[in-house]
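A short worksheet on the structure shown next.
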Amino acid sequence: MRHLLDIRDLSTAEIDELMDRAEDIIDNPKKYSECMHGKKLATLFFEPSTRTRLSFEAAMLELGGSVLGFSEPNSSSAAKGESVGDTVRTVGCYADIIAMRHPREGAPMAASFVSPIPIINAGDGGHNHPTQTLTDLLTIRREKGRLNQLVIGCCGDLKFGRTVHSLIHAMMRYKSIRFVFISPKELRVPDYVLETLQKAGVSYVEVEKLDDVIGTLDVLYMTRVQRERFFNEEEYLRLKDSYILDVDKMKLARKDLAVLHPLPRVNEISVKVDDDPRACYFRQVAYGKYMREALLMKLLEVEA
Ligand code: ASP
């Protein structure tokens, strides 16, 4: 039985296979429409979500399977003090696979030790979000035509933004990747993530101004300042509008830039940028569903 807790649980070859499978599903949806008949996905969301939960559910439904679950801890026995371990042992009696989001770093991993069925980490605190990364990789591959030889800018809250941490761990495995990290000093990429880049000899720079570097980027990965992870509201208010990507800034960017954002957007991308063909974030949402379909098939060892 395999879980997906960290993007590093998958080899590069497996990620490439998942992307190929997702593209085959895009091209031949009918071929896959009944393959999960009789299988059930449980979505256990102890923290809010729109895209991740609904795209998991849509993915399972499109493959002919069924879904059950909860979307906030207050409607589960977590509100009575039940442990995550006991919850997954229970859900393991009803479903075949679990997608779990939790505000505590490492909670899906702890759950995996006692779970009788595969666990997918759908976001754990400020730590990891591997299925967003699978989505991001397919988006980059489709928009840029490659995953090698790219200058990737990550901008915003690089400290608490779990999607950035997982993206770094995935993209650093491809050839000739250079990262440009754009953040206020307070929201820099954590040292434990930078250390993996240093050990692997992957090149990166850290800067504070987007204008200075936007013209050098192939991909710009914008992120929201993660209000829910701040201890201090004043600090959040001071940092929340550190970066706003607008039409003027887009004029400084390359004609073939791809702008990604895991969403939800708050203020960091002006809605006027949405009509720019370089804005990929809503296409990115669509790719997420297909990648999750491919992942569910892999972990449940289901073929079309
Ligand atoms: N939806 C992403 C996440 O769950 C990004 C965000 O919330 O800012 O991490």
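Calculate, for the chain, the solvent-accessible area per residue in square angstrom, rolling a 1.4 angstrom probe over the heavy atoms of the protein chains. Mind dumping the intermediate values first?
Details: 13330 Å² over 304 residues.
In whole numbers, the chain has 44 Å² accessible per residue.
Arrange the peptides 149-159, 246-256, 173-183, 223-233 so that the one whose residues have, on average, the most other Cβ atoms within 10 Å appears first.
Numbers: 149-159: 22.5, 246-256: 12.9, 173-183: 18.9, 223-233: 15.5.
The packing order, highest mean first, is 149-159, 173-183, 223-233, 246-256.
Whole angstrom only: what separates the Cα centroid of the range 135-197 from the Cα centroid of the range 10-44?
Taking the Cα centre of the range 10-44 as reference, the centre of the range 135-197 is 25 Å away.
Indicate the gyration tensor shape class of the range 157-291 (rounded, prolate or oblate), computed on the Cα atoms with a ≥ b ≥ c the square roots of the eigenvalues: a/c under 1.5 is rounded; otherwise a/b larger than b/c is prolate and the rest oblate. Working shown, then result.
Details: a/c = 1.34, a/b = 1.06, b/c = 1.27.
Judged from the Cα gyration tensor, the range 157-291 comes out rounded (a/c under 1.5).
What's the tally of Lys pairs in the range 83-218 whose alpha-carbon atoms lie under 17 angstrom apart, where the two lysines are 8 or more places apart or on different chains?
Details: Lys144/Lys175; Lys159/Lys185; Lys159/Lys209; Lys175/Lys199; Lys185/Lys209.
Summing the qualifying lysine pairs gives 5.
Which of rounded, prolate, oblate describes the range 2-51, given a ≥ b ≥ c as roots of the alpha-carbon gyration tensor eigenvalues and a/c under 1.5 marking rounded, otherwise prolate only if a/b is larger than b/c? Walk me through the numbers on the way to the answer.
Numbers: a/c = 1.85, a/b = 1.12, b/c = 1.64.
It comes out oblate by the Cα gyration axes.
Please quote Rg/Rh for the range 12-82 to two decimal places, taking the Kirkwood radius as Rh and restricting both calculations to Cα atoms.
Numbers: Rg = 15.2 Å, Rh = 13.9 Å.
In the range 12-82, Rg relative to Rh is 1.09.
Of Glu303, Glu105, Glu82, which has the most accessible area with a 1.4 Å probe, and how do the rest follow in descending order? It would help to have the intermediate numbers written out before the result.
On the way: Glu303 130, Glu105 105, Glu82 70 Å².
Correct descending sequence by accessible area is Glu303, Glu105, Glu82.
Can you give the relative contact order of the range 255-304 as a percent, counting alpha carbon pairs under 8 Å and 6+ residues apart? Display every interim value, and only then the final one.
Numbers: 22 pairs, mean separation 19.5, N = 50.
This gives 39 percent for the range 255-304.
Name the residues whose placed amide hydrogens come within less than 5 Å of the amide hydrogen of Tyr221, ignoring near sequence neighbours (fewer than 5 apart) on the same chain.
Residues meeting the amide H criterion: Gly153, Cys154, Cys155, Leu260.
Please list, in chain and number order, the residues 5+ apart from Glu206 or on another chain whose amide H is under 5 Å from its amide H, with Hs placed from the backbone.
Close amide H contacts, sequence-distant or interchain: Phe181.
Considering only C-alpha atoms, what is the centroid distance from the range 245-304 to the range 48-80, in Å?
The two parts, judged by their Cα centres, are 22 Å apart.
Note down the Stokes-Einstein diffusion coefficient of the chain in µm²/s, whole number, using a Kirkwood radius over alpha carbon pairs, 25 °C, and 0.890 mPa s.
Values: Rh = 19.8 Å.
Estimated via Stokes-Einstein, D reaches 124 µm²/s.
Just reorder Arg101, Arg238 by solvent-accessible area, largest first, 1.4 Å probe, all chains present. Don't jump to the answer; show the numbers that get you there.
On the way: Arg101 15, Arg238 135 Å².
The most accessible residue leads, giving Arg238, Arg101.
The values are calculated or read from the model by the stated rules, or taken from the named source; none is laboratory data. Everything numeric here is computed off the predicted structure, so don't read it as measured data. Using ideal geometry, Cβ is built from the backbone for each residue, glycine included, and neighbour counts are taken over all protein chains shown. Each accessible area value is taken on the protein alone, full model and side chains, heavy atoms only, with ligands, DNA and RNA left out. Shrake-Rupley method; radii C 1.70, N 1.55, O 1.52, S 1.80 Å.
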